[in-house]
Amino acid sequence: MNNIPLIFSCDNKFAIGLGLAIQSLLSNIEENTFYEIYILDGGISSKNKNRINKFKKINPNFSISYIDMKNRSKIFNKIKLDDKRFSIAVFFRLLIPELFKNKYEKIIFLDCDISVETDLTKMYKINLGNNAVAGVPDIGVR
């Protein structure tokens, strides 16, 4: 079994996008893959968490854990967001090394505004060499 830790960062404002991203992820999971999904939770409602948890009906090969970021997010309070599309939750990813220190060799962080079209095992197994981070440019950002 390929156990792959995945992290999303979200608040209630973008819970629908999170749900769509997880649904696409699970719709393309291979039989021998298990996703350990962690959500850095910036205030997702119980109603939306219940909706997300119902994805077990699509495929049981995943676990989901919500990490309450309410107290940890205070360090970002002085940041002014000029773009209304974003919330403080976009900065939670900066705390991943602290939150998961020594827990995993690698972790995949995914934005909530994606559609996953394939199982992520091949991507997870990419050798990063001495690099601490791998990523791709955002379309339209220069």
Taking only the alpha carbons of the chain, the radius of gyration and the largest Cα-Cα distance, Dmax, both in angstrom, are 15.2, 45
Could you rank the peptides 124-137, 43-56 by their average count of other C-beta atoms within 10 Å per residue, with the highest value first? 43-56, 124-137
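Using a 1.4 Å probe over the heavy atoms of the protein chains, calculate the carbon and sulfur portion of the accessible area of the chain as a whole percent.
Carbon and sulfur together cover 52 percent of it.
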Note the full-extension length gain between Ile126 and Leu20 as 0.36 nm times their separation in residues minus their Cα-Cα distance, in nm to one decimal. 35.6 nm
Which value, in Å², gives the accessible area per residue of the chain when a 1.4 Å probe is used on the protein heavy atoms? 67 Å²
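Determine, from the Cβ-Cβ distance of Lys47 and Lys101 and an R0 of 30 Å, the FRET efficiency 1/(1 + (r/R0)^6), rounded to the nearest 0.05.
Computed FRET efficiency for Lys47 and Lys101 comes out at 0.40.
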Paramagnetic label zone (point 7 Å from Cα along Cα-to-C-beta, Glu31; backbone N under 19 Å) in the range 97-128: 118-122
Please give the length that would be gained between Phe109 and Arg93 if that part of the chain were fully extended, namely 0.36 nm times their separation in residues minus their C-alpha to C-alpha distance (nm, one decimal). 5.0 nm
Taking Cα pairs under 8 Å and at least six residues apart, what relative contact order does the chain come out at, in percent? 36 percent
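The values are calculated or read from the model by the stated rules, or taken from the named source; none is laboratory data. Predicted model, so just to flag it, every value in this text is computed and none were measured. Here the Cβ is made from the backbone with ideal geometry for all residues, glycine too, and neighbour counts use every protein chain on show. Just so you know, the surface numbers come from the protein's heavy atoms only, side chains and all, with ligands and any DNA or RNA stripped out. Shrake-Rupley method; radii C 1.70, N 1.55, O 1.52, S 1.80 Å.
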